[in-house]
1. Any idea which of 283, 253 is surrounded by 13 or more Cβ atoms within 10 Å (Cβ to Cβ) and over 19 Å from the mean Cα position of the chain (by Cα)?
2. Does residue 25 qualify as being within 23 Å of the chain's Cα centre (by Cα), at pLDDT 95 or above, in a helix (DSSP H, G or I) and of a type in the set (Gly, Ala, Ser)?
3. Condition first: more than 16 Å from the ligand (Cβ to nearest atom) and touching a residue at least 40 places away in the same chain (Cβ under 8 Å). Can you find one or more residues in segment 269-276 that meet it?
4. Which residue, of 62, 82, is in contact with a strand residue (DSSP E or B) (Cβ under 9 Å, 6 or more places away or on another chain) and open to solvent by less than 50 Å² (accessible area, probe 1.4 Å)?
5. Limited to segment 28-65, what total is found for residues that are in contact (Cβ under 8 Å) with a residue 60 or more places away in the chain, under 15 Å from the mean Cα position of the chain (by Cα) and closer than 24 Å to residue 109 by Cα?
6. Applying the selection to segment 99-135, what residues are of a type in the set (S, T, N, Q) and more than 12 Å from the ligand (Cβ to nearest atom)?
7. Within 16 Å of the ligand (Cβ to nearest atom), touching a strand residue (DSSP E or B) at 6+ places or on another chain (Cβ under 6 Å) and closer than 24 Å to residue 261 by Cα: does that describe residue 205?
8. Mind checking which residues of segment 282-302 are over 21 Å from residue 154 (Cα atoms) and in contact with a strand residue (DSSP E or B) (Cβ under 7 Å, 6 or more places away or on another chain)?
Amino acid sequence: MENLNLVSLNHFVTVKDLTSEEILALINRAEFFKKGGSVQKLTKPVYISNMFFEDSSRTHTSFEIAERKLGLTVIPFDSKHSSINKGETLYDTSLIMDAVGVDIEVIRHSKNKYYQDLINTSGKLNLGIINAGDGSGQHPSQCMLDMMTIYEQFGKFENLKIAIVGDITNSRVAKSNMQLLKKLGAKIYFAGPEYWYDKKFDEYGEFSELDEILPELDVVMLLRVQHERHQKDTHEAEFDSKQYHQKYGINKARYQKLKENAIIMHPGPINHDVELSGELVEAPKSMFYQQMKNGVFMRMAMIEAVMRGRKLGGIQ
Ligand code: NCD
C-alpha cells in the first residue's frame, strides 16, 4: 500500500462517492499516523469546531484528540447552550462560525442529510463540513475506522464474509458500511429481526439466519439497538432485550462457533447482554477497543484530507 496519492476533499459528509483508491489511501495514511508518522507543520492556524447535537462519547473525544494531534485550534461549541435553543437555524449558526473564522465544522445531528443546506449554498457560507453522524443516514468516520480495522486483520476486503446484525434500518453505521464493503468486494449478509430489514438493502447483500452463516463469517458487525430512533406502536416498541440476545446476540456459544481468525465489531455504545454478552466485550476476537484506538488515526486522515482539499494551514 505504498505510494498511494493523498486524498483531497472539500467536505467529508458521506462515504458513497469515495473510490476504492481513496479508501485505501485514507487507511494507508491512518496507519502512517498510527505508526507515529509525523504530521505536516501548519504554516497558518486552522480553526475547527465540534458541534454535537446528539450525544457522543467516543466520536467527539476522538475527533478532538485527532484535531489536536494535527495541530489544529479547537473552538469549543456547546449545543446545549447555543442559540439553536432560541430557534436559530443550523445554517445561521454555521454562518456565525464562518464569520468569526472557523474553517471546518464537525457536526453530528439527528436530521438526515442536515449537511445539504450547508454545502449546497449560494450564499456566503463556505466552511468544510465533516459529518460525525446524520440521523439514520451516514457515519463516515465510524465507517472508515471500521474499514481500517478490517484491513488490519485481513489485509484485504475481497470475498470476506461479513454479517451486519441488528437494528439496520435505524443505523447510520450500517448504511455507510454496507456501501463501502460492497464497493470493496466483500460478501455481505444481513441478520436480525425482519422489521429492521428493508428490501432496499438487497442490493448490498443477503438477508440470512445468523446461526446458519456464523461458522463461515470473517466479520460479525454488531449494531446497537437504537431505542432513541424507535417509533411507538410498532414492533420496535415491543422489543424484548432478553429474546433478542437469545436469537441474535453474541454469547459464549456463538463465540465458540466463529472461525479461528474471525472478528467481532461494534461501533459502541454496547448494550451489554443484548448485542454482545458483557463478558465478551474485551474477548480476543472483539475489536471494540481496537476500533476506538483506530478512530483517532482515521479521523486525523479524514480531517487532513479536508484541510488539503480546502488548502488550509498550508499543508500539501
Ligand atoms: C454510533 C452512532 O452514533 O451512530 N456510535 C458511534 O459513533 N460510535 C453507533 C450508535 O450510536 O449505535
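The values are calculated or read from the model by the stated rules, or taken from the named source; none is laboratory data. Remember, it's a predicted structure, so these values are computed and weren't measured experimentally. Cβ sites come from the backbone with ideal geometry, for glycine too, and all protein chains shown count toward neighbours. The protein model used for the area step is the full one, side chains on, heavy atoms only, and it has no ligands, DNA or RNA in it. Shrake-Rupley method; radii C 1.70, N 1.55, O 1.52, S 1.80 Å.
1. Values: 253 fails: surrounded by 13 or more Cβ atoms within 10 Å (Cβ to Cβ).
Of the residues listed, the single one that is surrounded by 13 or more Cβ atoms within 10 Å (Cβ to Cβ) and over 19 Å from the mean Cα position of the chain (by Cα) is 283.
2. Numbers: within 23 Å of the chain's Cα centre (by Cα): yes; at pLDDT 95 or above: yes; in a helix (DSSP H, G or I): yes; of a type in the set (Gly, Ala, Ser): yes.
Yes, satisfied.
3. Checked against the condition, which is being more than 16 Å from the ligand (Cβ to nearest atom) and touching a residue at least 40 places away in the same chain (Cβ under 8 Å), segment 269-276 yields no hits at all.
4. Working: 62 fails: in contact with a strand residue (DSSP E or B) (Cβ under 9 Å, 6 or more places away or on another chain).
Just a single option satisfies the conditions, and that option is 82.
5. Qualifying residue count, segment 28-65: 9.
6. Filtering segment 99-135 for residues of a type in the set (S, T, N, Q) gives 110, 112, 116, 120-122, 126, 131.
Hits for segment 99-135 are 112, 116, 120, 121, 122, 126.
7. Numbers: within 16 Å of the ligand (Cβ to nearest atom): no; touching a strand residue (DSSP E or B) at 6+ places or on another chain (Cβ under 6 Å): yes; closer than 24 Å to residue 261 by Cα: yes.
No: the conditions fail for residue 205.
8. Across segment 282-302, the qualifying residue is only 302.
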